[in-house]
Structure formats: structure tokens, C-alpha cells
Amino acid sequence: MFWSEAINSFLLAFPALFSIINPIGGALIFREATADRSVGERAWIAGRVGLYSILVMLVSLWAGTYLLNFFGITLAALRIAGGLVIAVKAWALLSGPEHKPQSAEQAPPPAGEAAAVAFFPLTMPLTTGPGTISVAIAFASERPQGASAVGGFFLGASLAAAALALVIWAMYRSADRLIAFLGPTGVATLSRLIAFVLLCIGTQITIDGVQATLKPVFGA
């Protein structure tokens, strides 16, 4: 029961979080935001972003439900707000001008030292923002009953967060090679495709929140 729940939790949590975080699209943004920095410094920042990302995901998974209860926020409200944030962001990416990678001279770097910008804005909100937090909390709220099942559930979800943090680190560290491999057309096509999928995910999360809100009024 323990290991079955852990495997099932991992297989559910990883694709859900991967779709929201979008490390491939994030790597393109990361490259532009750190274009003025050296290769070594970008690699160090990528490692920090990966570390901070797993901390954000683990706190959301393990303590997010209790924080919602403390502030009196319902899960339905979280889903609606998180879904809208995701949908608005995806729509801006989908309907905005075509993405064109900038050179080191053109890209506006984030202000501050590397240690500071690694958390804000590169981790929060660019990598693990409100959408990631809302999905992680919503996922944790559906944990099964029983000590063994709950243990397996959180082990699998935590391993999914750790695996995703490694993917974030690898993608951000390899952002230069990724852009060179895709080329301008590939970057533009992939960005649009990911934005559309993200828009669908945000819409579905919002619909789930609205249904949960209206269910007591109209019944099952």
C-alpha cells in the first residue's frame, strides 16, 4: 500500500507540476534575464533557483493546507485564483509578440546580486509562482486516508518535486544550448504550444474551483 501510493502520487504530481512550471519555457526567460552574467555565474544562479524551487514546492505540499486554514481561505477559492493567474499569464504569452531571444547587450538584467535575484524574481514568481503553489496545495489536499497511504502519498509527491527541481536546474543551466538547438523558429513554436497548454490547464483549474463553490448551492 505504501509503495503503491508513493508511485501513484509521483506519477500524478510530476506531470501536473511540470506543466505549470514549464521549465523549458522558463529556461528561455532565464537566459534573457541573466544574459549580462558570465557562464559560471549563470550556472550558480541556476543551481540556486533549483534549490529554492524545491523548497517552495515542499512547503506548499506539506504545509499549504494548514496555511489556507489559518488564513480562512477555501480550496475552491485557491483553485479559482490560481487558475485565473495561470490563464492570464498563458494568454499574455499566447497573444503577445513573437518571442525573440535577445543578445547580452539588449537583455535587461534583473537588478541586484546573483544571490538575491536567484529567489526574486527568478524563482518567485517566474519559476514557482502562484500557479505552482496553488496546484501543489490542491494536490496535497486530496491525500488519502490512513497513515501508510498518507506517508506513501507525500513521499511520492516530494520525490516528484525533487525530480522537477533537478529538471529546472538542468534546463536553466543548459539554456544557451537549448536556444541554439531550437533556433528562432523552434523557440517561437514551442513557446506558443506551451502557452496554449498552460491556458487550458488554468481554465480547467478555474472550472474545478467554480464547480466546488456552486456544488452546495445546486447539489451534486
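The values are calculated or read from the model by the stated rules, or taken from the named source; none is laboratory data. Bear in mind that the values here come from a model prediction, so they are computed numbers and not experimental data. Cβ atoms come from the backbone with ideal geometry, glycine included; neighbour counts cover every protein chain shown.
Looking at the range 113-193, the helices (runs of 4 or more DSSP H) lying wholly inside it that each contain 1 or more residues that are in contact with an Asp or Glu (Cβ under 6 Å, 6 or more places away or on another chain), touching a residue at least 40 places away in the same chain (Cβ under 8 Å) and under 25 Å from Gln204 (Cα atoms) sit at 147-173. Annotation: of all residues in the range 192-220 being farther than 17 Å from Trp91 by Cβ and touching a helix residue (DSSP H, G or I) at 6+ places or on another chain (Cβ under 8 Å), the one that is surrounded by the most Cβ atoms within 10 Å (Cβ to Cβ) is Gly209.
State whether the residues of the range 36-44 include one that is within 15 Å of Ala162 (Cβ to Cβ), surrounded by fewer than 17 Cβ atoms within 10 Å (Cβ to Cβ), touching a residue at least 12 places away in the same chain (Cβ under 8 Å) and aliphatic (A, V, I, L, M). There is no residue in the range 36-44 that is within 15 Å of Ala162 (Cβ to Cβ), surrounded by fewer than 17 Cβ atoms within 10 Å (Cβ to Cβ), touching a residue at least 12 places away in the same chain (Cβ under 8 Å) and aliphatic (A, V, I, L, M). For the range 124-137, filtering for residues that are crowded, with 23+ Cβ neighbours inside 10 Å and either more than 19 Å from Ala16 (Cβ to Cβ) or not β-branched (Val, Ile, Thr) (or both) leaves 3. In the condition set (1) β-branched (Val, Ile, Thr); (2) touching a His at 6+ places or on another chain (Cβ under 8 Å); (3) at pLDDT 85 or above, Thr203 is compliant with all but (2).
Let's see how each residue does on (1) closer than 30 Å to Ala175 by Cβ; (2) assigned to a helix (DSSP H, G or I); (3) more than 14 Å from the chain's Cα centre (by Cα); (4) polar (S, T, N, Q):
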site: Glu5; (1), (2), (3), (4): no, yes, yes, no
site: Gly26; (1), (2), (3), (4): yes, yes, no, no
site: Arg42; (1), (2), (3), (4): yes, yes, yes, no
site: Val56; (1), (2), (3), (4): yes, yes, no, no
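In the condition set (1) buried (at least 21 other Cβ atoms within 10 Å of the Cβ); (2) at pLDDT 90 or above, Leu159 is compliant with all but (1). In contact with a Leu (Cβ under 8 Å, 6 or more places away or on another chain) and aromatic (Phe, Trp, Tyr): is that true of Phe71 in this structure? No; evaluated as a whole, the condition is false for this residue.
Which of the residues spanning the range 45-79 are polar (S, T, N, Q) and either loosely packed, with under 15 Cβ neighbours inside 10 Å or touching a Gly at 6+ places or on another chain (Cβ under 9 Å) (or both)? Residues satisfying the conditions are Asn69, Thr74. Looking only at residues in the range 175-191 that are closer than 19 Å to Phe18 by Cα and buried (at least 16 other Cβ atoms within 10 Å of the Cβ), the one that is nearest to the chain's Cα centre (by Cα) is Ser191. Set side by side, the residues Leu84, Leu58 differ, and just one is over 16 Å from Ala165 (Cβ atoms) and touching a Ser or Thr at 6+ places or on another chain (Cβ under 8 Å), which is Leu84. Arg143 falls short on exactly one of the conditions (1) within 27 Å of Ile73 (Cβ to Cβ); (2) crowded, with 23+ Cβ neighbours inside 10 Å, and that condition is (2).
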